[in-house]
Amino acid sequence: MGVLLILPCVTALVLWFVLKDPKFSRIMILMLLANIATFYQLYQFKRVKRLLIEHNGKVCGNCLFPLDGLDDEGVCPECGHPYEINQTIEDWRHDLALQQLLDKGGSAS
Ligand SMILES: [Zn+2]
């Protein structure tokens, strides 16, 4: 995955050096920014996925505060967002297709 993202960037860098054409430097900068944005998204996705598995999907949909150990219904103590725990888990499953991951984690209580 990372190779697929970096390859166009390296290609632009090589073209910039070989052809000495300044337009490749602009393309390279745009690709670098796109790469950074993509890696950031991947990092965030993995972070959220890890958090959801760790807390069996019981994580605030607004601020990612862990809701396990709290009432099944209420407001998030961190951000005040109202939640209903079964709906929150369903929303996460729907949003990130985490069905298998949450099931793999064990207790689907
Ligand atoms: Zn919250």
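Our coupling estimate for region 62-68, obtained by passing each phi through the Karplus curve with A = 6.51, B = -1.76, C = 1.60 and θ = phi - 60°, is 9, 10, 6, 6, x, 10, 5 Hz, Gly and Pro reported as x.
Contour minus end-to-end for S25 and A37, with contour as 0.36 nm per residue of separation and end-to-end as the Cα-Cα distance? Show your work: numbers first, answer last.
Working: separation 12, 0.36 × 12 = 4.32 nm, distance 1.83 nm.
Taking 0.36 nm per residue and subtracting the Cα distance, the gain is 2.5 nm.
Across region 45-58, rounded Karplus estimates of 3J(HN,Hα) from the backbone phi angles (6.51 cos²θ - 1.76 cosθ + 1.60, θ = phi - 60°) give 4, 5, 5, 5, 4, 4, 4, 5, 5, 4, 10, 6, x, 8 Hz, Gly and Pro being marked x.
Summarising the amide proton neighbourhood of V59: residues at separation of 5 or more, or on other chains, whose placed amide H is nearer than 5 Å comprise L67. Under a 5 Å amide H cut-off, with hydrogens placed 1.01 Å from N, Y83 pairs with G74, V75, C76 among residues at least 5 apart or on other chains.
Read-outs: derived from the displayed coordinates by stated rules, not from any lab. Only a predicted model underlies this, so the values are computations on that prediction, with no experimental measurement involved.
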